[in-house]
Amino acid sequence: MLQALVFDVFGTVVDWRSSLIRRSHEFGRVNSLTADWADLIDDWGGQYRPLMDEVRLGRRPWTNLDDLHRASLEQLLPRYGLSHLTDAQKHSLVEGWHFLDPWPDTVAGLTRLRKKFIIATLSNGGLRLLADMARYARLPWDAILSADVFRHYKPDSEVYLGAAKLLDSPPEEVMLVAAHNYDLEAARKCGFKTAFIPRPSEYGPRQSRDFSAESDWNYVARDLEDLAAQLGT
């Protein structure tokens, strides 16, 4: 019997790209700076998995996501004429990842699902980042499970199996909800059930994958409210 739903967060639960573009425009206005903010955010988001893979493959020691975001930002700033930013300004940009807007269906969908299941994050984000985001976006989690807890990044099996252990549930009674097929595939290999939620605008015009389900996931839903309906909540 399904007991718990764990959720990918970036892209599945929150709209990171639009949120960061909006925040960066405001950052530019406040600091009297001009740049192609949308391209900067797209390039920054493009560094998300490559830098985590450096940690996963042992090329970097364990580094939390805020520090990886700072490292990738440092690499990108000269390209956008922003190498002169102060430490405080760089910190402000990195902190933007803590305050991302939910998709329109997110809060209502999670609230419905929580009536029947334990709901928790299962994210590569840091614990403080996810807590800040939950408070900002009013995400009604029962638990926050973070890469910081496991000192591994998805799709390492330690993340999924560690989550099931912390939830005191066998993997087959836990379901990952995600907008990314690779994440669902890794979870399924660990015995999880799977639910795919398409977010075709997550990466804006650069999106090249995850427009639809690429395997026979247990559930495929239009959004989180549709998933709640399919699960009888």
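Each value in this text was obtained by applying a stated rule to the coordinates, not by laboratory testing. Note that the coordinates shown come from a computational prediction; the quantities given were computed from them, not determined experimentally. Glycine also receives a Cβ, built like all others from the backbone with ideal geometry; neighbour counts cover every protein chain displayed.
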About the Cα centre, charge dipole magnitude for the chain (Lys/Arg +1, Asp/Glu -1 at Cβ), debye: 240
Most positive-pole-ward Cα, PRO50, LEU20, ALA71, against dipole of the stretch 17-98 from beta carbon charges: PRO50
Descending semi-axes in whole angstrom, ellipsoid equivalent of the stretch 145-195, from the Cα gyration tensor: 15, 14, 8
Distant-in-sequence amide H partners of GLY11 (H built 1.01 Å from N, under 5 Å): TRP16
Share, in percent, of DSSP beta bridges within the chain that are antiparallel, nearest 5: 5
Candidates VAL30, VAL107, VAL177, ranked by Gaussian network fluctuation over the chain, Cα under 10 Å, top entry: VAL30
24 Å Cα cut-off, lysine pairs counted over the chain (separation 8 or more, or different chains): 9
Segment ALA143-ASP223, extension gain: residue separation times 0.36 nm, minus the distance between their alpha carbons: 26.7 nm
Farthest positive-ward along the stretch 147-233 dipole, Cα basis, beta-carbon charges - from GLY232, PRO205, ALA195: PRO205
Simple label model, 7 Å out from Cα along Cβ direction - GLU172 to SER212, nm: 3.1
Förster radius 45 Å - calculated FRET efficiency between VAL30 and SER157, Cβ distance, rounded to 0.05: 0.55
FRET efficiency, 1/(1 + (r/R0)^6) with R0 30 Å, evaluated for ASP39 and VAL107 via beta carbons: 0.50
Max mean-square fluctuation residue, GNM over the chain, Cα-Cα springs under 10 Å, options PRO198, PRO170, PRO50: PRO50
Phi to ³J(HN,Hα) by Karplus 6.51 cos²θ - 1.76 cosθ + 1.60 over the stretch 203-217, Hz, x for Gly, Pro: 9, x, x, 8, 5, 10, 8, 6, 6, 8, 5, 10, 7, 8, 4
